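Asker: My questions all concern the structure below.
Every number in this text was worked out from the coordinates using simple rules, so none of it is lab data. Bear in mind the structure is a predicted one, so any value in this text is a computation, not a measurement. Note: ideal-geometry Cβ built from the backbone for every residue, glycine included; neighbour counts use all protein chains shown.
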Amino acid sequence: MSTFQAPKGTYDLIPPSSATYLAVREAIAAPLRNSGYGYIETPGFENVELFARGVGESTDIVTKEMYAFETKGGDRLALRPEGTASTLRAALEANLHKGGNLPVKLWYSGSYYRYERPQKGRYRHFSQVGAEAIGVEDPALDAELIILANHSYRSLGLSDFRILLNSLGDKECRPVYRAALQDFLRGLELDEETRRRIEINPLRVLDDKRESVQEQLIGAPMLRDYLCEACKTYHEQVRELLTAAGVAFEDDPKLVRGLDYYTRTTFEFVHDGLGSQSAVGGGGRYDGLSEMIGGPALPSVGWALGVDRTVLALEAEGITLDLPAATSVYAVPLGEEARRVLFGKVTELRLAGVATDFAYGGKGLKNAMKSANRSGARLALVAGERDLAEGLVQLKDLQSGEQTAVALDAVVDEVRRALA
Ligand code: ATP
Ligand code: MG
């Protein structure tokens, strides 16, 4: 070990388990790529104000969890705590919404940073894959995103998860509800901080995880009973589309994503094998966000799925992904001349698209074969002086142990045949 360790709340992805992370990202991305979402990559940091406005001044993310700093040049920046604000900022900046081709559908994958209390499933550096559909109000778009996330999890073999669904109303009906909820909450016995929250972001109080708070919330007014006709119809359509698609969900009238810009559809994917960090992904409609960051009205919907927690969910369900071995062929040279010749063959095989590795460092046969086995390769290519003198190499099947002599200039073809 060196003098240094990974910072608190972070961990390194290292082989072989890192391959699972890549596969999870790929499994989440595949349905998106297949459904008209284009890849977007934005900087790891943004102007701090983008998040203050775009995530919400009253949220935990902004008040407590943000890595904000001032640069040598005096810019106030923050490491990105989430992806939606940046994605929308970038789409507006590039005028993607003006191409006459709405919705703008984008997906991303990357690192996010929150100064949280580290626990299993809660880190200060974590990874998300997200999707945003910008500029269209259509219940089919909300349904599409939920269906795609469901598809991703299913394709990984996950089944012990649930989809929680709610509607948060819109700028017609939510303010009426907000006032009613505030009236109710002001009558409860709550600590100072929560009382402050009632005034700034009362919906968030419904989300309080503490037993003592939840008990008092029995009988609280429910947004469901305050939805206007337009919101009710919209929500009903999302529900019908999901049902028609065979995607099971649970109505959760207490599910809030307590940001001011969230509207109508809101949902969360929770996994039942993860203990308290059970949310593997979440999202919803954010019709007001664009205007809050200085853009035009662009009703939008999106989600972000947590890669770290999805990997934990796989572990919880005992799922090992069936990942192809990284290496197909492992070359083992015996002696200097063999080293030169086999190294050439390795390059040739790689150019031919065969995943190939080489026993570097002049290892003896025994050690080299050990490395060959460890690499997961199906075949070993072994050559010594005598083979080469005859223009041959030995092709060894590492499973059966069977070995055949192959002409040097037929190696690529023979390897391809053996792997087919
Ligand atoms: P939580 O309620 O668990 O704090 P959140 O509402 O803050 O989650 P979102 O902002 O919706 O989470 O992010 C989407 C997903 O990203 C979460 O469902 C989770 O899987 C993942 N995620 C969020 N914060 C963290 C973190 N600190 N460490 C690991 N994964 C995280
Ligand atoms: Mg959080």
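Asker: Given +1 on the Cβ of Lys and Arg, -1 on the Cβ of Asp and Glu, and no further charges, what dipole in debye does the chain carry about its Cα centre, rounded to the nearest 20?
Answerer: In total the dipole reaches around 940 debye.
Asker: Say we join alpha carbon atoms closer than 10 Å with springs in a Gaussian network model of the chain; which of R196, R210, R174 then has the biggest fluctuation?
Answerer: Between R196, R210, R174, it is R210 that shows the largest mean-square fluctuation.
Asker: Quick one: net charge around E172, please, counting Lys, Arg +1 and Asp, Glu -1 for every other residue with C-beta under 13 Å from its C-beta.
Answerer: Values: positive: K171, R174, R178, K232, R264; negative: D170, E229, D287.
Local net charge: +2.
Asker: If you average 1/r over every pair of different alpha-carbon atoms in the range 234-366 and take one over that average, what Kirkwood value in Å do you get? Intermediate results must be reported in sequence, preceding the final value.
Answerer: Numbers: mean 1/r = 0.0495 Å⁻¹.
This gives a value of 20.2 Å.
Asker: With a sphere of radius 14 Å drawn around the Cβ of T42, what net charge do the other residues whose Cβ falls strictly inside it have (Lys, Arg +1; Asp, Glu -1)? Please list the in-between numbers first.
Answerer: Values: positive: R80, R89; negative: E41, E46, E82, E93, E132.
Surrounding charge for T42 is -3.
Asker: Subtracting the Cα-Cα distance from 0.36 nm times the residue separation, let me have the gained length for K232 to T63 in nm, one decimal. Please list the in-between numbers first.
Answerer: Working: separation 169, 0.36 × 169 = 60.84 nm, distance 3.28 nm.
In short, 57.6 nm is gained.
Asker: Can you tell me what share of the DSSP beta bridges in the range 290-420 is antiparallel? A percent to the nearest 5 is fine. The partial results should precede the final answer.
Answerer: Details: 9 of 17 bridges.
Expressed as a percentage, antiparallel bridges in the range 290-420 total about 55.
Asker: What ratio of Cα Rg to 2.2 N^0.38 Å holds for the chain? Please report the intermediate quantities before stating the final value.
Answerer: On the way: Rg = 27.3 Å, N = 420, 2.2 N^0.38 = 21.8 Å.
The chain yields a ratio of 1.25.
Asker: As an exercise, use a Förster radius of 45 Å and the Cβ-Cβ distance of R33 and I218 to find the FRET efficiency, rounded to the nearest 0.05. List each step's numbers first, then the result.
Answerer: Details: r = 45 Å, r/R0 = 1.00.
That pair, R33 with I218, gives E of 0.50.
Asker: Let me ask another. Under a point spin-label approximation (7 Å from Cα along Cα-to-Cβ), what is the E192-E49 distance to one decimal in nm?
Answerer: For E192 paired with E49, the spin-label model returns 3.1 nm.
Asker: Same structure, new question: What is the spin-label model distance, in nm, from L408 to E240 if the labels are put 7 Å beyond Cα along the C-beta direction?
Answerer: 7.3 nm
Asker: Determine one quarter of the surface area of the Cα convex hull of the range 167-261, which equals its mean projected area, and express it in nm² to one decimal.
Answerer: Numbers: hull surface 26.2 nm².
Its average projected convex-hull area is 6.5 nm².
Asker: Then there is this: If we count other beta carbons within 10 Å of each Cβ, what is the order of Y21, Y360, fewest first? Numbers along the way, then the final one.
Answerer: On the way: Y21 15, Y360 11.
If I rank by nearby Cβ atoms, fewest first, I get Y360, Y21.
Asker: Mean-square fluctuation check for the chain, GNM, Cα pairs under 10 Å: which of A304, A19, A338 is largest?
Answerer: So, out of A304, A19, A338, the one fluctuating most is A338.
Asker: Expressed as a fraction of 2.2 N^0.38 Å, the rule-of-thumb size for a compact globular protein of N residues, what is the C-alpha radius of gyration of the range 329-419? Write out the running numbers ahead of the final one.
Answerer: Numbers: Rg = 11.5 Å, N = 91, 2.2 N^0.38 = 12.2 Å.
My calculation over the Cα atoms of the range 329-419 gives 0.94.
Asker: Among bridges DSSP assigns within the chain, what percent are antiparallel (round to 5)? Intermediate results must be reported in sequence, preceding the final value.
Answerer: Working: 51 of 63 bridges.
Here the antiparallel bridges make up roughly 80 percent for the chain.
Asker: Can you tally the net charge around I319? Count Lys and Arg as +1, Asp and Glu as -1, for every other residue whose Cβ sits under 15 Å from the Cβ of I319. Intermediate results must be reported in sequence, preceding the final value.
Answerer: Values: positive: R154, R309; negative: D160, D272, E315, E317, D322.
Residues near I319 contribute -3 overall.
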